[in-house]
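The values are calculated or read from the model by the stated rules, or taken from the named source; none is laboratory data. Remember, predicted model here, so these are calculated numbers, not experimental data. Backbone-built Cβ (ideal geometry, glycine too); neighbour counts: all protein chains shown. Just so you know, the surface numbers come from the protein's heavy atoms only, side chains and all, with ligands and any DNA or RNA stripped out. Shrake-Rupley method; radii C 1.70, N 1.55, O 1.52, S 1.80 Å.
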Amino acid sequence: ENKSCPHTKYRDAVMRYDKVLRDALGFSEQISKSLTSLNENYLDVSKKTSTVDTNCQTLLKEQEALTSTANELKSKLKFFNKAHQLSSQLKTNEMAMKLVTSPNLHETIKGLEVAMNFMLKNSEWKEARKYHGVFVRLQERLFNAVKSHFVSQLRGAVASLRQQARIDKTEIKMSSAKAFIEFQAVATKLEP
């Protein structure tokens, strides 16, 4: 066959065109497979990202709950720490007198009342009853220290009056009795 024949040229051109089309079709099938695979990978990553996001949200909520619980426990632990601190401060008479004469005495008494009320309100706790008793005993020790301080101050005042005014024994007894009566009136208000 003659290569210069127009039909042969046309056939050769069509065959080349067919080969180019087949190659292009093969490339497009490869691209289609790659796109399908890419889409599947995208969906898989999207699903995993969604799962991670959900897990992160859950963990964040759990963290917030744990933080809240930790803060609540911290605020409740202050009562137990206060019991230990007061117990240490009331161990000896000298230390108790320092507490009685400190400017924080009123706050300490209020703190004991708050702690006892807290233990009563939370009586379902295993140790609430025990610690309520601890706070009651601490309050009693504190009030006894306050009474001792008042008695000591009154005795010192009476001794000072004796030296300064040289009052006879009858007048001293009357002054002492009056001071003691006033003390008892004040001291009964301090009982738990």
**Fill in**
Note on region 110-153: residues open to solvent by 50 Å² or more (accessible area, probe 1.4 Å), more than 33 Å from the chain's Cα centre (by Cα) and not polar (S, T, N, Q) are 147, 150
**Item:** Residue among 83, 70, 65, 96 that alone is closer than 22 Å to residue 129 by Cβ and hydrophobic (A, V, I, L, M, F, W, C)
**Value:** 83
**Item:** Options 50, 75, 46: the member that is part of a helix (DSSP H, G or I), within 25 Å of residue 132 (Cβ to Cβ) and either in contact with a Phe, Trp or Tyr (Cβ under 6 Å, 6 or more places away or on another chain) or among the hydroxyl-bearing types (Ser, Thr, Tyr) (or both)
**Value:** 75
**Item:** region 75-103, subset polar (S, T, N, Q) and under 12 Å from residue 142 (Cβ atoms), residue farthest from the chain's Cα centre (by Cα)
**Value:** 102
**Prompt:** Which condition number in (1) closer than 30 Å to residue 144 by Cα; (2) open to solvent by less than 70 Å² (accessible area, probe 1.4 Å); (3) assigned to a helix (DSSP H, G or I) is the one that residue 37 fails?
**Reply:** (1)
